[in-house]
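Chemist: If you scroll down you'll find the structure; I have some questions about it.
The values are calculated or read from the model by the stated rules, or taken from the named source; none is laboratory data. As the structure is a computational prediction, the values presented were derived from the model and not from experiment. With ideal geometry, Cβ positions are generated from the backbone for all residues, glycine too; neighbour counts draw on all protein chains shown.
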Amino acid sequence: MNRTISGGRIGVALGLGLSCLAMQVSAQGTPGTPTASDGIAKYREMIADGNPAELYEAEGEELWKKAAGPKNATLEKCDLGLGAGVVKGAAAQLPRYFKDTNRVQDLESRLMTCMEVLQGINPQEIIDAPFGKGAKKPVEAIVAYVVTNSRGMKINAPMKHPKEKEMYALGKHAFYYRGGSMDFSCATCHDDASKRIRLQDLPDLTSQKGAALGWGFWPAYRVSSGEFWTMQRRLNDCYRQQRFPYPNYTSDVTIALSAYLAGNAKGGVVNTPGLKR
Amino acid sequence: MKTAQLIARVASVCALSLAGVSANAQNAQTVAAMDKAIVGSFRSEGIVSVESIKQDETQIVCSDPKLATGKAGEKRRAAIEKENMETIRPPYEGVYLGDWKEGEKVAQSGRGATWTDKSSTVNGGGCYNCHQISKAEISYGTIGPSLLGYGKTRGTTQAIVEYTWGKIYNAKAYNACSAMPRIGHFNLLTVKQMQDVMALLLDPASPVNQ
């Protein structure tokens with residue numbers, strides 16, 4: 001595949017802009033002084049005319065419509081939950097239960113199913129590839145395309161089917177599951193809106209408002225790495241920082257956490273792709 | 001086996017043997033199935049093994065919001081504190097304070113113990129991630145309380161020195177479900193690094209106490 005996105009260069013340019021803003025960030029606690037998040041908000045305004053995720057989105061749309069894989073087929077018949085080929089609004093209603101796989105799926109695991117069934121692509125190749133590389137790259141671009149098509153809609157994962165409820169319960173359990181060399185769980189950092197790591201505000205993901213802030217802005221273009229990050233990648237890096245071992249791509253725990261976040265965020269607004277530090 | 005299947009199977013087993021099985025026992029089985037699904041979703045990578053997320057009693061109790069705070073978990077939390085208290089080892093020859101300048105570096109660094117680190121990576125204490133410590137550092141977290149002026153306000157009696165060492169060594173000895181890692185207990189810092197951090201908090205010459 002021809003690489004059409006020079007994420008690295010965009011990243012450097014954006015990164016410089018951000019560090020200039022960071023220098024304006026002064027002492028915390030003084031009324032009226034900007035916080036790191038204010039800096040990022042200002043920065044978002046500055047580049048309001050373009051989130052670099054748009055480049056991924058354009059590539060994703062092309063990939064969706066292009067015949068590929070051993071079966072030389074397009075993804076245009078892929079059912080993301082709202083019927084074959086319906087992209088508009090689909091991401092706003094994920095994760096959800098799918099009858100054909102008898103499984104609750106998030107966007108990435110569902111795309112793998114479509115690529116396997118329609119195009120004959122081996123999902124293991126996608127699972128095994130590192131983020132941003134090889135067989136994962138096209139999936140990530142398609143994710144950008146699909147989530148853009150729910151922008152502005154209401155977060156509305158159904159959470160009605162018994163398996164959806166089970167997945168939400170597992171996600172909640174995983175959220176509070178402490179382990180590893182630092183005894184951390186997601187809740188250590190994300191169960192209270194007043195918490196901060198260094199200057200980074202941490203959303204309270206157990207509340208509707210905080211979950212909408214977290215879930216509603218991911219997947220996102222990450223300025224610091226100069227790449228578009230899917231939700232699987234966001235969760236993967238949270239687990240890395242949590243000092244946990246490596247969560248397998250699209251494993252139960254990752255889908256369950258997405259179900260928990262989407263369930264909590266219900267009614268919030270989809271702002272994807274977000275733009276993040 | 002997929003989680004959902006697993007849970008479904010456990011649920012049906014529970015339903016069959018419902019007579020005589022308390023709601024608590026059912027709940028315990030569901031929790032066991034969920035724990036298994038969680039651990040089964042990970043693989044070992046670099047220096048972090050899957051074994052490291054199999055929980056000890058502290059982690060089990062503190063993962064349940066109902067037990068982590070409130071009356072229901074009171075007894076188990078007290079037992080956990082006792083158990084963790086017994087892990088604390090005082091430093092060799094009772095030298096508790098090292099070099100505060102080195103301690104500041106340890107407090108600043110949040111490195112180490114992730115799957116992208118090496119076993120040769122020098123771990124940091126990550127203290128500023130959660131605590132305000134010296135006035136000069138304005139980039140600090142708020143998960144823990146401010147430690148600004150710690151030695152000046154607390155004093156440096158032997159009791160305070162020993163408490164502070166213990167808190168850094170194993171925070172769960174004083175507060176079973178503390179958010180703070182068990183730094184000495186899990187060898188996240190060396191004894192020398194902990195002595196240096198102690199000096200940062202307690203040495204009258206440290207900027208923390210100016």
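Chemist: Select the helices (runs of 4 or more DSSP H) contained entirely in the range A:96-203, then report the ones holding at least 3 residues which are at the interface with chain B (Cβ under 10 Å from one of its Cβ atoms) and under 19 Å from the mean Cα position of the chain (by Cα).
Modeler: It comes to A:162-175.
Chemist: Moving on to the next point. Checking the structure you have, find out if any residue of the range B:55-71 is part of a helix (DSSP H, G or I), away from every other protein chain (no Cβ under 14 Å), more than 30 Å from B:Val191 (Cβ to Cβ) and free of Cβ contacts under 8 Å to residues at least 12 places away in the same chain.
Modeler: yes
Chemist: Output the number of the condition that A:Tyr249 fails; it satisfies all remaining conditions of (1) at the interface with chain B (Cβ under 9 Å from one of its Cβ atoms); (2) crowded, with 18+ Cβ neighbours inside 10 Å.
Modeler: (1)
This table checks each residue for (1) within 20 Å of B:Gly141 (Cα to Cα); (2) without any contact (Cβ under 8 Å) to a residue 40 or more places away in the chain; (3) among the aromatic types (Phe, Trp, Tyr).
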residue	(1), (2), (3)
A:Phe175	no, no, yes
A:Gly180	no, no, no
A:Ala187	yes, yes, no
A:Lys195	yes, yes, no
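Chemist: Among the residues of the range B:165-210, how many are touching a residue at least 60 places away in the same chain (Cβ under 8 Å), more than 14 Å from every other protein chain (Cβ to nearest Cβ) and not aromatic (Phe, Trp, Tyr)?
Modeler: 20
Yes/no matrix, rows are residues, columns are (1) closer than 16 Å to B:Ile168 by Cβ; (2) outside the structural domain of B:Arg182 (by TED's automatic domain parsing); (3) touching a Pro at 6+ places or on another chain (Cβ under 9 Å):
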| position | (1), (2), (3) |
| --- | --- |
| B:Arg76 | no, yes, no |
| B:Lys82 | no, yes, no |
| B:Thr87 | yes, yes, no |
| B:Leu97 | yes, no, no |
| B:Glu102 | yes, no, no |
| B:Val106 | yes, no, no |
| B:Gly110 | yes, no, no |
| B:His131 | yes, no, yes |
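Chemist: With the condition kept exactly as written, say whether any residue in the range A:236-246 is within 14 Å of chain B (Cβ to nearest Cβ), over 9 Å from the mean Cα position of the chain (by Cα) and hydroxyl-bearing (Ser, Thr, Tyr).
Modeler: Yes, the conditions are met somewhere in the range A:236-246.
Chemist: Filter the range B:110-143 down to the residues that are surrounded by fewer than 19 Cβ atoms within 10 Å (Cβ to Cβ), more than 9 Å from chain A (Cβ to nearest Cβ) and over 17 Å from the mean Cα position of the chain (by Cα) and list them by number.
Modeler: Passing the criteria: B:Asp117, B:Lys118, B:Ser119, B:Ser120, B:Thr121, B:Val122, B:Lys135, B:Ala136, B:Glu137.
Chemist: With the condition kept exactly as written, say whether any residue in the range B:166-178 is part of a loop (DSSP other than H, G, I, E, B), out of contact with any Asp or Glu (no Cβ under 6 Å at 6 or more places or on another chain) and crowded, with 22+ Cβ neighbours inside 10 Å.
Modeler: yes
Chemist: Can you report the number of residues in the range A:186-196 which are touching a Cys at 6+ places or on another chain (Cβ under 8 Å) and modelled with pLDDT of 95 or more?
Modeler: Matching residues across the range A:186-196 total 1.
Chemist: For A:Gln208, are the conditions met, namely being modelled with pLDDT of 95 or more, surrounded by fewer than 21 Cβ atoms within 10 Å (Cβ to Cβ) and facing chain B (nearest Cβ under 7 Å)?
Modeler: Judged against the criteria, A:Gln208 is not a match.
Chemist: Sort through A:Arg233, A:Arg240 and tell me the only one that's surrounded by 20 or more Cβ atoms within 10 Å (Cβ to Cβ) and not aliphatic (A, V, I, L, M).
Modeler: A:Arg233
Chemist: Being more than 18 Å from A:Pro273 (Cα to Cα), modelled with pLDDT of 95 or more and buried (at least 16 other Cβ atoms within 10 Å of the Cβ) is the requirement here; does A:Val117 meet it?
Modeler: In short, yes.
Chemist: Right, next: Please specify each residue of the range A:76-95 satisfying the condition of being part of a strand (DSSP E or B) and closer than 17 Å to A:His161 by Cβ.
Modeler: The answer is A:Asp79, and nothing else.
Chemist: Does at least one position in the range A:215-222 carry a residue that is more than 14 Å from chain B (Cβ to nearest Cβ), modelled with pLDDT under 95 and in a loop (DSSP other than H, G, I, E, B)?
Modeler: No, every residue in the range A:215-222 fails to be more than 14 Å from chain B (Cβ to nearest Cβ), modelled with pLDDT under 95 and in a loop (DSSP other than H, G, I, E, B).
Chemist: So how many residues does the range B:131-145 have that are touching a residue at least 12 places away in the same chain (Cβ under 8 Å) and touching a Lys or Arg at 6+ places or on another chain (Cβ under 9 Å)?
Modeler: 4
Chemist: If a residue has to be under 23 Å from A:Lys137 (Cα atoms) and more than 12 Å from the chain's Cα centre (by Cα) to count, how many in the range A:257-268 make the cut?
Modeler: Count: 0.
Chemist: Can you name every residue in the range B:22-68 that is loosely packed, with under 14 Cβ neighbours inside 10 Å and of a type in the set (S, T, N, Q)?
Modeler: Those that are loosely packed, with under 14 Cβ neighbours inside 10 Å and of a type in the set (S, T, N, Q): B:Ser22, B:Asn24, B:Asn27, B:Ser44.
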